[in-house]
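The values are calculated or read from the model by the stated rules, or taken from the named source; none is laboratory data. Please read these numbers as outputs of a predicted model, since none were measured by experiment. Heads up, the Cβs are rebuilt from the backbone with ideal geometry, glycines too, and the neighbour counts pull from every protein chain shown.
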Amino acid sequence: MDPQLTDAQINQIRKCLGNDQKLDACKLYMDFTGGSLLEAKQFVENLPGVEPGSVEDTEQELVEQVLDLLESGCKLDAVRLYRDHTGKSLMESKVFIEKLISDFQILEKSNSQSGCVGVILVFVILGFILQSML
């Protein structure tokens with residue numbers, strides 16, 4: 001398997017997967033290896049010999065979609081998606097997303113569009129200054 005993991009660690013991950021705790025399995029992988037969420041997800045999905053329990057695939061897909069949105073820096077979209085699919089309140093959804101961010105140590109990315117607006121504004125002002133000088 002993975003040279004960074006012991007057999008005992010892999011068995012702990014398998015146990016989580018057998019209990020339909022994919023998120024916990026990913027977190028264990030990240031804790032054991034210091035790897036990223038993407039590496040953990042790929043490892044867990046490719047781990048042989050795990051029989052899933054009774055959690056529906058749609059629930060797992062929802063969590064994966066939420067995690068993908070968080071990794072992309074789309075926190076509001078992640079809250080909205082979770083809320084729409086679960087029927088939970090806005091506050092419950094926000095708390096769940098914040099817990100995922102904390103558990104998986106997902107770095108929140110700032111919105112890069114604000115920097116673009118600043119650059120455009122500088123060019124517009126420079127254009128007006130140059131035009132008035134001519």
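Screening Leu5 against (1) modelled with pLDDT of 85 or more; (2) in a helix (DSSP H, G or I) leaves a single unmet condition, (2). In the range 8-41, the residue that is surrounded by the fewest Cβ atoms within 10 Å (Cβ to Cβ) out of those that are among the acidic types (Asp, Glu) and assigned to a helix (DSSP H, G or I) is Asp31. Restricting the range 53-76 to residues that are surrounded by fewer than 16 Cβ atoms within 10 Å (Cβ to Cβ) and touching a helix residue (DSSP H, G or I) at 6+ places or on another chain (Cβ under 7 Å) leaves a set whose member that is modelled with the lowest pLDDT is Gly53.
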